[in-house]
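Undergrad: Handing you this structure, nothing more for now.
The values are calculated or read from the model by the stated rules, or taken from the named source; none is laboratory data. The model shown is predicted, which means the values in this text are computed figures rather than measured ones. Heads up, the Cβs are rebuilt from the backbone with ideal geometry, glycines too, and the neighbour counts pull from every protein chain shown.
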Amino acid sequence: MQRPDFDDIKTYEEFIKYYWYREELIKICKERGLKSDGGKVELNRVIEAYFNGEKILPVKKTIKKPGKNVKELGVETGLIECGFTFGPRFREFFSKQTGEENFKFNVDMVATAKAVKESGDESFTLGDLLDIYYGKKEYAKYDRSALQWNKFVKDFCADDATKIYDERLKAAAALWKIVRESDMKKEYSRELLEKYKDRI
């Protein structure tokens, strides 16, 4: 089934059957005067609310400069207050807190820090972010659906049947376009290749 225009979709359940790029979600939200910033997960929530008759409007933000003068970091330090970044100062702080010598921020920490900054949530602390790292709290989840294309290409290229294509990435992209614009699962399979090989 071909993906219909957004205006022809009547329910959120129908809407989520199809794959939408972030840029498309932003455009849909902007055209309707809805909140249009954030990641795909947040934009999908705005669109879900729209289908339920609720309008989540853009928030006018007063930009406050983060306090770069916070000398001592602690678990009670506000994320916005200390001007949090993913730089060495904060990596070192989390390394000491976790005992991980080569500390790496996980994707949910990245999504959370972005959401905290976008919302201006001054109550959120470095300790809260540490809880996100340990999975004790949830604030904003990384949108793993953004990885669907990457997995699709990887699985496509791993299939020996696709070696017949000189330009495998172009072939994968052509097949992905068919899948993306349909209500099919957004996964590669040999059956999918067989079914649409004449259109690649």
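Undergrad: Tell me whether the range 132-148 contains one or more residues that are among the β-branched types (Val, Ile, Thr), outside the structural domain of residue 187 (by TED's automatic domain parsing), assigned to a helix (DSSP H, G or I) and surrounded by 15 or more Cβ atoms within 10 Å (Cβ to Cβ).
TA: Yes, because at least one residue in the range 132-148 is among the β-branched types (Val, Ile, Thr), outside the structural domain of residue 187 (by TED's automatic domain parsing), assigned to a helix (DSSP H, G or I) and surrounded by 15 or more Cβ atoms within 10 Å (Cβ to Cβ).
Undergrad: While we're here: Read through the list (1) more than 30 Å from residue 33 (Cβ to Cβ); (2) modelled with pLDDT under 95; (3) touching a strand residue (DSSP E or B) at 6+ places or on another chain (Cβ under 6 Å), then give the number of the only condition that residue 125 fails.
TA: Here residue 125 clears every test but (2).
Undergrad: Of all the residues that make up the range 46-55, how many are surrounded by 15 or more Cβ atoms within 10 Å (Cβ to Cβ) and of a type outside the set (Phe, Trp, Tyr)?
TA: 4
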